[in-house]
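Heads up: the structure comes next, in structure tokens.
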Amino acid sequence: LGLLYQEYRDKSTRQEIETRRLQDSQTDPEESSPSEETPSEAEPTSTTESKAPPQISLLRNSNSRFNLWQDLPEIRSSGVLSILQPDEIKLQEAMFELVTSEASYYKSLNLLVSHFMENERLKKILHQSEAHILFSNVLDVMAVSERFLLDLEQRVEENIVISDVCDIVYQHTVNHFSVYITYVSNQTYQERAYKQLLQDKPAFREVISQLELDPKCKGLSFSSFLILPFQRITRLKLLVQNILKKVEEKSDRETTALDAHKELETVVKACNEGVRKMSRTEQMISIQKKLEFKIKSVPIISHSRWLLKQGELQQMNGPKTSRTLRTKKLFREIYLFLFNDLLVICRQIPGDKYQVFDSAPRGLLRVEELEDQGQSLANVFILRLLENADDREASYMLKASSQSEMKRWMISLAPNRRTKFVSFTSRLVDCPQIQCVHPYVAQQPDELSLELADVLNILDKTDDGWIFGERLHDQERGWFPSSMGEEILNPKIRAQNLKECFRVHKSDDSQRRKLGSRNRQ
């Protein structure tokens with residue numbers, strides 16, 4: 001608890017990576033990691049019924065540095081470690097981590113408010129509207145965290161063996177966590193406002209730099225504090241998943257964990273959708289302004305439409321019989337805008353404009369890779385429009401700049417096309433997996449941002465260092481550099497990861513089966 005949340009979170013995920021590395025190198029995944037071993041030094045002490053259970057004072061001691069439930073003096077001296085089964089101790093650790101991480105998170109939020117937001121010099125520099133965009137409803141978020149933490153503290157102090165925490169998570173998610181959606185949805189404007197203030201107001205830049213240098217911040221940037229709520233709500237879902245993997249199946253604690261996870265997933269999805277909606281609307285307006293239609297105009301802006309991928313490709317000139325030609329004039333540049341429901345094919349014209357000469361619904365696209373065509377036709381694929389702008393079938397032979405770019409276009413254009421490896425939803429016993437050891441921020445719409453310790457199924461990979469993956473905990477898909485992760489080699493660990501993931505999402509599966517049954521009826 002002496003750690004700020006950024007430090008706590010980094011330490012926790014690094015430990016998770018090391019634990020998985022250790023398991024991956026072992027033959028039996030059930031072998032416990034060092035952090036999960038019951039301390040041999042614990043001295044059981046006889047307890048009588050008249051003796052009140054010792055209270056855990058960890059949350060009230062800001063200087064405490066304990067990381068594990070089993071390391072608490074109250075736990076070590078109680079003798080409870082010699083009574084509990086190893087699986088129950090692991091569950092206690094998982095629940096305790098949720099509590100202590102919330103305390104660390106609240107501490108960081110408090111610093112964001114007291115050290116930055118309420119700084120008198122900063123107040124004088126910022127206009128009221130600027131401060132509102134920059135800090136949004138962080139006071140509401142902090143109040144919700146405080147109330148949540150108090151209820152968690154009370155539960156921990158009821159008994160040295162924690163009964164449950166997911167029922168508390170459920171109640172707070174349903175009744176209070178909507179403040180996260182408001183805060184996270186403002187993220188696009190918040191980031192832009194911060195960059196603009198740094199650029200336009202030297203006084204703001206100077207004060208922020210001075211405040212960041214304060215020992216309280218421990219070398220952490222102001223922006224790392226601003227992003228805390230989004231990181232926390234996502235991490236909270238993963239902490240509940242971790243508890244869910246450890247509770248007894250078909251128990252009351254499994255039911256509350258599943259309920260809490262479902263509600264958290266709803267909030268996280270709403271947060272993600274809020275961020276995307278803000279940025280997508282602006283992006284669509286910008287694209288609309290750049291397009292000039294040579295064919296019948298298609299309205300681009302729609303609330304249900306967003307950009308999946310854009311970029312330049314080389315189109316082959318002439319009939320297919322000219323494939324064997326080896327001239328530089330064989331290809332000419334075209335530019336594609338691929339939306340979730342529409343493909344627009346253009347040529348770039350002067351003035352940063354694009355002239356549209358064909359289009360097709362995304363559902364009417366088919367792709368086919370050309371193989372063994374020689375060096376000049378490497379990374380070439382056929383794009384077939386079953387019904388184009390002229391209501392006819394049309395084919396384009398397209399060349400990408402690299403193998404990864406070709407595969408990325410093919411998967412984006414035809415998402416139902418079979419990948420090299422199968423997906424999570426296929427329920428295959430084994431599949432290549434990778435663990436993220438370096439965080440990655442997506443640079444393109446078809447890429448996937450990664451957090452430390454994320455585990456993904458590998459659906460496809462390229463020779464030039466890119467992986468198309470599906471993250472296990474939320475089934476989000478996208479491309480990322482292979483250097484960001486380490487492949488999980490132990491088949492037992494891979495199977496265990498899938499089994500845990502199926503369990504976490506089994507309530508979703510049963511819901512899908514019910515819907516499918518209704519649809520058939």
So what are the ³J(HN,Hα) numbers for segment 469-477, from phi and the Karplus equation (6.51, -1.76, 1.60; θ = phi - 60°), rounded to whole Hz, Gly and Pro as x?
-> x, 10, 5, 5, 6, 9, 6, 6, 10
What does the charge dipole of segment 206-318 about its Cα centre add up to, to the nearest 20 debye, if the Cβ of each Lys and Arg holds +1 and the Cβ of each Asp and Glu holds -1?
-> 440
Return P(r) of segment 219-290 (all Cα-Cα pairs; 10 Å bins starting at 0; whole %; ordered from short to long distances).
-> 17, 31, 26, 18, 7, 2
Can you work out the accessible area per residue across segment 444-510, with the rest of the protein chains kept in place, probe 1.4 Å, in square angstrom?
-> 37
Determine ³J(HN,Hα), in whole Hz, for all residues of segment 78-93 in sequence, where each value follows from phi through the Karplus function 6.51 cos²θ - 1.76 cosθ + 1.60 and θ = phi - 60°; x replaces Gly and Pro.
-> 7, x, 5, 5, 7, 9, 6, 6, x, 5, 5, 5, 4, 5, 4, 4
Three principal axis extents, largest first, for the C-alpha atoms of segment 103-226, in Å?
-> 53, 30, 19
Mind putting a number on the dipole of segment 114-257 about its Cα centre? Charges go on the C-beta only, +1 for Lys and Arg and -1 for Asp and Glu, and I need it in Debye to the nearest 20.
-> 620
Which order, highest average first, do 13-21, 82-90 follow once you tally other Cβ atoms within 10 Å for each residue and take the mean per peptide?
-> 13-21, 82-90
Inter-label distance, nm, simple model (7 Å from Cα along the C-beta direction), Gln26/Arg205 = 5.2
For segment 234-290, what is the charge dipole size about the Cα centre, in debye to the nearest 20, if Lys and Arg each add +1 at the Cβ and Asp and Glu each add -1 at the Cβ?
-> 500
Pop out the ³J(HN,Hα) list for segment 126-133 in order, Karplus 6.51 cos²θ - 1.76 cosθ + 1.60 with θ = phi - 60°, rounded to Hz; leave Gly and Pro as x.
-> 8, 6, 4, 5, 5, 5, 5, 5
Per the rule of 0.36 nm per residue minus the C-alpha distance, extending His303 to Gln283 adds in nm 6.0 nm
In whole Å, how far is the Cα centre of segment 160-220 from that of segment 96-159?
-> 8
Based on the alpha-carbon gyration tensor of segment 173-298 and its eigenvalue square roots a ≥ b ≥ c, which shape applies: rounded if a/c is under 1.5, prolate if not and a/b is larger than b/c, or oblate?
-> oblate
FRET E, pair Glu273, Leu84, Förster distance 25 Å, beta-carbon r, rounded to 0.05 | 0.05
May I have the convex hull volume per residue, in Å³, for the Cα set of segment 64-289?
-> 141
Segment 64-289 - accessible surface per residue (Å², probe 1.4 Å) = 45
Farthest towards the positive end of the dipole of segment 64-289, among Ala257, Gly274, Leu111 and with Cβ unit charges of +1 on Lys and Arg and -1 on Asp and Glu, lies the Cα of Gly274
Residue separation between Phe502 and Arg392 times 0.36 nm, minus their alpha-carbon distance, gives in nm 35.2 nm
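The values are calculated or read from the model by the stated rules, or taken from the named source; none is laboratory data. What you see is a predicted model, and the numbers here were worked out from it, not measured in a lab. Ideal geometry is used to build each Cβ from the backbone, glycine not excepted, and the neighbour counts take in all protein chains shown. Surface areas here come from the heavy atoms of the whole protein model, side chains and all, with no ligands, DNA or RNA. Shrake-Rupley method; radii C 1.70, N 1.55, O 1.52, S 1.80 Å.
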